[in-house]
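Comments concern the structure below.
The values are calculated or read from the model by the stated rules, or taken from the named source; none is laboratory data. Worth saying up front: this structure is predicted, and the values here are computed from it rather than measured. With ideal geometry, Cβ positions are generated from the backbone for all residues, glycine too; neighbour counts draw on all protein chains shown.
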Amino acid sequence: MTMLSSAMNRHHLKLTEEEMKLVARIDLRDDLPIGTDGHSVYLSNQEPILALLRSLIARQGIPKHRIEYWTDPRHNPGRTRGSHSDIFARNGSEGDEAYTHPHFKRFLRYFLYGADLPQAAIEEFEAQVGNPEWFGGSDIIALTKKTREIVRKYRLKGGRYSDQFHMLALDNGLSSDNANSVRRAAVESGRR
């Protein structure tokens with residue numbers, strides 16, 4: 001099984017050749033061009049998404065913290081109780097149905113590529129975190145301040161970006177509490 005890098009970013013999963021072929025068959029876009037039949041995209045995505053997930057799970061290719069983002073309620077702060085997967089289940093999508101649901105694509109993108117933020121924003125954030133092994137409770141204050149600065153600098157306002165900062169914090173080894181603090185900082189900055 002030859003492992004290939006799916007891109008330059010260090011947060012991108014290293015995929016096998018077969019997995020890269022499966023990814024190439026999946027339309028990961030949320031916003032489809034006008035005139036594109038969303039239902040046919042949904043149908044054509046089903047088989048490659050499920051095959052890709054089976055392969056990644058079989059070789060334990062998805063980092064544990066990314067799976068927890070999907071399954072652990074601590075990573076879904078707010079009014080709605082439960083994990084992201086719990087929300088899908090309450091809405092009638094479980095197992096394969098959840099994984100092929102169009103709204104799951106954002107989680108699949110995270111599994112594969114990490115946070116969807118500009119590379120410069122990621123680098124600034126990671127420079128502030130430094131070595132995650134040495135990140136302590138008092139460091140979160142400086143990191144949330146830096147997160148608000150990055151949000152304003154790169155105009156990353158809106159709930160979508162706050163979730164991406166949460167994901168980036170997890171990818172950098174921060175605890176769920178610290179990742180939630182980063183998310184809140186991004187939300188607060190986006191309101192100003």
Exercise. Within the stretch 69-109, restricting attention to residues that are surrounded by 16 or more Cβ atoms within 10 Å (Cβ to Cβ) and small (Gly, Ala, Ser), which residue is nearest to Asp27 (Cα to Cα)?
Worked result: Ala98
Exercise. Does the stretch 7-17 contain any residue that is surrounded by 15 or more Cβ atoms within 10 Å (Cβ to Cβ), acidic (Asp, Glu) and modelled with pLDDT of 90 or more?
Worked result: no
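Would a scan of the stretch 127-135 turn up a residue that is surrounded by 12 or more Cβ atoms within 10 Å (Cβ to Cβ) and closer than 16 Å to Ala186 by Cβ? Spell out the reasoning first.
Taking the stretch 127-135 and keeping what is surrounded by 12 or more Cβ atoms within 10 Å (Cβ to Cβ), we get 128-130, 132, 135.
So of that shortlist, the ones also closer than 16 Å to Ala186 by Cβ come out as 128-129.
Yes, the stretch 127-135 has at least one match.
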Exercise. In the stretch 10-46, what count of residues is obtained for those that are in contact (Cβ under 8 Å) with a residue 12 or more places away in the chain and in a helix (DSSP H, G or I)?
Worked result: 13
Seminar exercise, completed: Out of (1) closer than 23 Å to Gly61 by Cβ; (2) crowded, with 22+ Cβ neighbours inside 10 Å; (3) in contact with a Phe, Trp or Tyr (Cβ under 6 Å, 6 or more places away or on another chain), the one Val182 does not meet is (1)
For this session: Might you let me know whether the stretch 110-122 holds any residue that is hydrophobic (A, V, I, L, M, F, W, C), in contact (Cβ under 8 Å) with a residue 24 or more places away in the chain, in a loop (DSSP other than H, G, I, E, B) and surrounded by 15 or more Cβ atoms within 10 Å (Cβ to Cβ)?
Result: yes
